[in-house]
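Accompanying notes for the structure given below.
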Amino acid sequence: MAFECQKSAGFYKDSRVIVKNSCEKPTGGSSYFKLKGKSVGIESEKSEFDLEKGDTTSLSSKQLGCRNVPLGCRSITDLPPAIISEILNCLDPKELGIVSCVSTILHRLASEHHVWKEFYNERWGLPIPAIPAPVAATGFSDEKSWKDIFVEREFRSKTFMGRYSMEVLHGHTEAVRTIFLLVSAKLIFTSGYDSIVRIWDLEEGLSIASSRSLGCTVRALAADTKLLVAGGTDGFIHCWKAIEGLPHLFDVKGPQNHNTEFRLWEHEGPITTLALDLTRIYSGSWDMTVRVWDRFSQKCLRILRHGDWVWGLVPHDTTIASTSGSDVYVWDTNSGELASVIHDAHVGKAYALARSHTGDFLFTGGEDGAIHMFDVTNRHVDTSAQLVGSWIPHSGPVYSLAFEFPWLVSASSDGKLSLIDVRALLRTRKRTLWKRDSAGQHVGRSIGVEPPQRMLHGFGSNLFGVDIGLDRIVCGGEEGVVRIWNFSQALETERRARALRGIRLENRMRRRRLQIEMNTKGGGGGGRSDRCSVAAKKTPMNSDNVSVWHNKRGVSGKLKA
């Protein structure tokens with residue numbers, strides 16, 4: 001950070017400058033202090049961090065606590081830690097990384113800043129501490145900072161555009177209707193028309209356990225490290241408690257044990273969707289209701305009634321989103337009241353539903369083969385949710401959606417999977433896509449249909465279930481097999497490529513330093529460079545002819561190709 005002052009003693013390391021009376025902004029884009037008498041303020045037209053106009057406006061409106069800024073402040077690093085924290089909170093991960101390259105002090109402040117934990121939590125949720133082997137489950141070490149953990153996870157998310165290997169798991173005798181991936185325990189749960197719940201090892205692709213026949217088609221599964229639930233056409237919710245010390249957590253293959261297994265029944269129709277959180281079980285059914293159960297007392301706490309069959313639900317905090325018919329609803333689970341509704345989200349039924357980890361965005365898939373992304377931050381019944389993006393990657397109904405930042409994966413009856421990167425839409429939505437007018441309504445540009453980033457082909461028709469993990473995608477359908485797309489090979493390839501790029505950059509910098517040292521030794525090199533520059537100026541070669549020769553050479557190369 002360079003300052004041009006009327007009365008200054010000079011510039012120092014870490015971009016510090018001594019200011020006595022007042023400073024003037026030399027160029028647009030550098031941050032400066034304006035000191036007059038005893039009043040101290042921060043001009044926020046443009047900062048060195050290239051903040052957006054909206055961010056700087058918020059900074060100037062809050063004044064960043066500038067009344068408490070000492071008079072002797074010389075740079076941003078001299079500000080109180082609370083003010084520096086507020087400034088860094090306004091940056092996104094990319095901008096925060098750029099700030100860390102400015103100076104050693106800012107590198108330490110930006111790297112140790114608590115906002116990295118918030119970034120990670122917003123995108124993927126915090127790692128579950130109750131897992132027996134947290135390092136193996138998350139792939140990270142406890143010794144790493146939150147910045148290192150965030151960068152590693154962000155790096156992993158890029159592997160879904162690389163090479164993959166496919167594994168096919170045989171075991172089911174009929175179509176697979178539902179799939180649930182428990183990444184923290186490296187387990188896959190599948191079930192379908194054969195009425196059997198199967199547990200697979202995610203890493204090895206081996207069958208671990210299979211339950212007895214439940215006597216009905218199982219259409220929904222959900223699990224965490226404490227509980228496994230399955231719902232079928234008989235209206236029962238079959239539940240298994242985790243057994244301590246068991247590698248695959250749940251004993252589903254043995255006879256019914258009342259200490260570890262129980263059933264819930266109040267639905268009057270087939271159960272189509274299930275979800276869990278820390279204290280509750282959520283179930284949706286063709287009886288047009290969503291029921292909220294207490295995990296410990298095993299009693300129904302609340303009934304949310306719809307006007308059509310319920311196809312999907314996703315809870316978040318104190319709200320739950322559900323699809324019924326062609327509409328999408330957002331409910332308040334504490335009061336049981338409807339918070340928001342999206343009418344006619346799809347042409348036909350809205351079969352699939354997914355949600356971001358922050359709960360602000362909903363993804364819906366429907367009978368029309370379209371996928372929509374809605375912003376539901378403004379939860380009022382009389383205010384419609386904002387459509388952020390749309391995709392039509394499939395020629396048949398979308399039966400299943402799964403989201404793991406930044407990838408949204410869909411399974412359809414056309415036998416294809418689509419991979420959609422929503423990172424650009426989330427960034428645009430956060431900064432410039434929507435603006436609020438004085439009435440509080442959103443004003444934004446028209447939404448076009450976006451193409452998916454990748455399509456996975458070559459499978460039978462009717463893919464019913466899909467889920468996504470760190471570097472794997474799991475899918476099942478009418479063929480009765482479970483397929484795993486393993487992108488870990490792409491992860492290793494990208495790591496090697498990144499290491500080679502680092503080596504090349506280090507060698508380039510080393511050569512540059514050696515060249516600078518040779519040019520500055522004894523002044524001899526400088527004289528030679530001056531003579532070379534004079535000789536270059538005196539050369540009679542015409543620059544226009546040179547450019548013409550290059551253009552002709554480029555044209556001839558294209559013609560030969």
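The values are calculated or read from the model by the stated rules, or taken from the named source; none is laboratory data. Because the structure is a prediction, the values reported are computed rather than measured. No Cβ is skipped: glycine too gets one built from the backbone with ideal geometry, and neighbour counts run over all protein chains shown. Surface areas here come from the heavy atoms of the whole protein model, side chains and all, with no ligands, DNA or RNA. Shrake-Rupley method; radii C 1.70, N 1.55, O 1.52, S 1.80 Å.
Things worth noting here:
- For I196, net neighbour charge (Lys/Arg +1, Asp/Glu -1) across residues whose Cβ lies under 14 Å away: +3
- Estimated at 0.36 nm per residue, the fully extended path between I243 and A82 surpasses their Cα-Cα distance by 53.3 nm.
- Protein accessible area in the stretch 80-124, 1.4 Å probe - carbon and sulfur %: 58 percent
- Packing around the peptides 478-485, 346-353, 152-159, taken as the average count of other Cβ atoms within 10 Å per residue, puts them in this order, highest first: 346-353, 478-485, 152-159.
- Residues whose amide H falls under 5 Å from that of K349, counting only those 5 or more places apart or on a different chain, are E367, with hydrogens built in the peptide plane.
- Residue-count net charge about W240 - beta-carbon cut-off 9 Å; Lys, Arg +1, Asp, Glu -1: -1
- Accessible area per residue was computed with a 1.4 Å probe on protein heavy atoms; E86 scores about 90 Å².
- With the whole protein complex present, C300 retains an accessible surface near 40 Å², based on a 1.4 Å probe.
- Per residue value of the accessible surface for the stretch 80-124 (all protein chains in place, 1.4 Å probe), Å²: 48 Å²
- Solvent-accessible area of the stretch 221-312 (1.4 angstrom probe, protein heavy atoms only): carbon and sulfur portion equals 52 percent.
- Accessible surface area normalised per residue over the stretch 213-289 is 43 Å², counting heavy atoms of protein chains with a 1.4 Å rolling probe.
- Computed from the C-beta positions of S488 and W265 and an R0 of 51 Å, the FRET efficiency is 0.75 to the nearest 0.05.
- Sequence-distant residues sharing a close amide H with V388 (under 5 Å, placed H): M373, F374, D375
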